[in-house]
Every structure is written in structure tokens, then in C-alpha cells.
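Notes to accompany the following structure.
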Amino acid sequence: MTVTNGKGPRGASPIKASSLFFTPLPPTHVVPPGKESHGRYMLTIPWNRVSGWGQPKIGPRQDLSFDPLAGVLQYAVTCFEGMKCYKTDEGDIRLFRPNKNFDRLKRSASRLGLPCEWDNDELLELFAKLMALEKPLVPNTDGSNLYIRPTLLETSEGFGIKEDAYASEALLYVATSLNLGLGLYPSAEGLDTGIKLDACKEFIRAWPGGTGSYKLGANYGTVNVAKKPGYAMSLWLHGKEDFISEAGAMNVFIIKEAPDGFLEFTTMSLDNGIVLPGVTRESIIELLQDHASGKKDFPLEGIPKNIRIVERDISMPEIIQGLEDCTLKGMFGCGTGVVVVQVGEITYEGKTYTIPSNPIIKTIRDTITGIHRGKIDEGKSWSFKVPEWNPEGKDGESQEHVTAA
């Protein structure tokens, strides 16, 4: 059967949580040196272009192996997501809007010719079981988390020119690690000093019609060299006007006072495909729009009513003008890693500009982290409570070893 859409033939096996095969840690398990911050388990689900999704397996975290000419190694055919698991004061653990991440992973996978169809509920059940196993590792302090990295990659040979661009074999796996971002950004420690950005003109992260709006591995490794010592991250620019796009790997908001007195929260539009459609970005916009419209007050006090959300390009010269005429009232970045973090300084064309601090940023940050840890109910069911799972023996029937493909 010929496949032309990268989704697999009709009738191919879907992801089924009920077929999970679980291998517990051996009694002799010892954490390898240097791996103390990593989760103990991992989830793997192989995929084949003819048969579809294979049996999901949860077992001890281990290395993966691939053919030297695998697509992931030759052409960076891989995409991923960033998610976090939080522990509440009551001791249960939560995921934040996981279906948003699953949908974005599908979108990225489709762009690469990787499998992009599965039932989110089935995948969430598997995620929940993995998280339940790692519950003892999840910290319960503000700023702490168990970071989750779902990764999808081509394991089949991807060398040379093929008949079509779609993978023959792929692997979806999920590994975890403790406290991504803790100690690196003020948002992780409750400080308000702000981070320092370098407005980068030497390197370009993304461009219209490219892959900037997809969470592909190639978007990140190739731009890390742009980060200069002494700066938290690069502020990416594009176009002759020096429009800003993202800062490092996070979305950006500019707080400006409009001529009519309204406070505008301006962020880059998604229309040109340059910036990633962030889950935290979308959540902040929804909360602010509900507040501005009177539909529902912002969960924490401190946000004025005369606000509006603006999605458009904004340039560095406009930011500088806002500093000069005092209409620029603050700037912050947001994303899974940093949550919400204030921008304190920007270096642009050899000059450093100080961005004013704004208490609204802390209110937004505290709201999002409060939702993460079950302290705030936003009324939208964004916080998913992970059910308990204490497996007895093994689910499913298969060989005991977790394999890479």
C-alpha cells in the first residue's frame, strides 16, 4: 500500500493505552553518576508506516540506538514538546493543558513527515501513568517541577533522495528531568530583577514561510551559538525594521500605554509563522481577554480593566521610542521553561536600554504558577490531576525489554 500523507494507511493500529507493557525498576537499580536529576522511567511507542503504532512500553530509562543513516541523525527529522508536572500542597500532581502540547506536537510532526495522528486521551493516559510512577520525584515548592520532554523522531533510514518525504519508521518517547529553569531565571525564584537580553542581528532564528512556528529540534541547536556571555538569552530580530520575535525560546509581551489611556499587551502575531504558538502565551491572552471584556475577572488582583491585547509586529526602534516618551511600561517573556519572566535590560546596536519594572508582570506570573500547582481555579479545567497508578506486575503481553524501535 502506498502512503502519500505521512499518516499511515487506513486501518493502521492507533495508540492504545490498554496495551501498555510495564517493566518495573529492578531491585538492584542504582542511579548512574551524573543522572541524579533524571526521571527513573521512560515511555516509548514505536511507529511503522505499514502497521501504525506499536505497543507502548514504560520501563527503566535507558539509552536509545539507531541506524547510522536514520533520518533523525542525517537530517534532524525530530520534533519535541516541553511540559511540566507540578505537585500541589495536598500532594497530588498536575499537568497544565496537556492536550495543547499534544496538538502542537501533531502539527510539528506533520511538518516533518512524521506520524501525526493519535487519540490525545489515549496518550494522556500513558503520560499519567508515567507521571504517577515518578510522583515521588516531583518537588512541591514554588518554581520546582518535573520537566517532561516528549520527543518524536525518524528512526528509519533517511539518507539521500527518497520517493517521498515521509518516514517509514519513527519513535515517540517521553523522558523527564527535574527543575528545568530553577535557578536560571528570576521567575523560578520569585525575584523581580529581570533578565538581560542581547538583541541579536548576527543570527536569524526564523523567517516567514520557514519552520519558526514549529517545535523542531533544528530550530534550537543551530541558534544556541548566538547567546553571548553575560546575557540570559538572545532577543531575535527579523526584517530591515528589526522587528522582535522571540527571546531565546520564549514568547515576548510588551506593555505599553496607548494614546487613549488603555494599557496594551502587545505580542507578536502568529500569522507570519515566525514565532511558536506558546501554550503559556495563549493562556495569558485568554485570561487577559476575559478580564478586559468583563467575562471573568483575572484570577489575582492587580490587573486594571482598561487593557487590550494586541497581536502585531513591534520593532526595536519602537521599543526605544516607548522608553524615551515613557509609554513603555514593561516587558516580559513567557514559556514552559521560564513560566513568566520580566525583561530588565536589552542591548541593541552597542547600547544597553533599561526596561521599567511593572508589578503586573508578577501578578501574571503568580497567577500562572498558582494554576499550575492547584492553588487557583481559573474555571477552564486547565489543570489536569494525575490519577494514582500502582501497577501490580505488568500490563499487556510482550517481551520484557523496552526497545528503541
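Numbers at a glance
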quantity	calculated
Any hit, the stretch 283-291, residues being more than 24 Å from the chain's Cα centre (by Cα) and buried (at least 17 other Cβ atoms within 10 Å of the Cβ)	yes
Single unsatisfied condition, S13 versus (1) surrounded by fewer than 20 Cβ atoms within 10 Å (Cβ to Cβ); (2) over 16 Å from L171 (Cβ atoms); (3) touching a Gly at 6+ places or on another chain (Cβ under 9 Å)	(2)
Near pairs, Cβ below 6 angstrom, 6+ apart or cross-chain, from the stretch 216-229 (more than 14 Å from A247 (Cβ to Cβ)) to any residue that is loosely packed, with under 12 Cβ neighbours inside 10 Å and at pLDDT below 90	none
Pick from the stretch 213-237, criterion outside any loop (DSSP other than H, G, I, E, B) and among the aromatic types (F, W, Y), ranking: nearest to D313 (Cα to Cα)	W236
Residue match in the stretch 252-266 (condition: within 18 Å of C79 (Cβ to Cβ) and assigned to a loop (DSSP other than H, G, I, E, B))	no
Yes/no for R365 being among the basic types (K, R) and buried (at least 17 other Cβ atoms within 10 Å of the Cβ)	yes
L124 over 17 Å from the mean Cα position of the chain (by Cα), not basic (K, R) and not assigned by TED's automatic domain parsing to the domain that holds L270	no
Checking I58 against (1) assigned to a strand (DSSP E or B); (2) under 20 Å from the mean Cα position of the chain (by Cα); (3) surrounded by 17 or more Cβ atoms within 10 Å (Cβ to Cβ), the condition it does not meet	(2)
Residues of the stretch 148-204 classified as at pLDDT 90 or above, under 21 Å from the mean Cα position of the chain (by Cα) and of a type in the set (D, E), total	1
Residue within the stretch 65-78 that is on the phi > 0 side of the Ramachandran plot and out of contact with any helix residue (DSSP H, G or I) (no Cβ under 9 Å at 6 or more places or on another chain) present	no
Subset of the stretch 292-302 that is part of a loop (DSSP other than H, G, I, E, B) and hydrophobic (A, V, I, L, M, F, W, C) - its residue that is surrounded by the fewest Cβ atoms within 10 Å (Cβ to Cβ)	L300
Where I368 falls short, out of the listed (1) farther than 18 Å from H291 by Cβ; (2) outside any loop (DSSP other than H, G, I, E, B); (3) modelled with pLDDT of 95 or more	(1)
Residues (of a type in the set (V, I, T) and in contact (Cβ under 8 Å) with a residue 12 or more places away in the chain) located in the stretch 28-74	T44, I45, V50, I58, V72
Only one of V223, V275 that is surrounded by 22 or more Cβ atoms within 10 Å (Cβ to Cβ), within 24 Å of I346 (Cα to Cα) and not small (G, A, S)	V275
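The values are calculated or read from the model by the stated rules, or taken from the named source; none is laboratory data. Keep in mind that this is a model prediction, so the values were computed, not measured. Every residue, glycine as well, gets a Cβ built from its backbone with ideal geometry; the counts of neighbours run over all protein chains shown.
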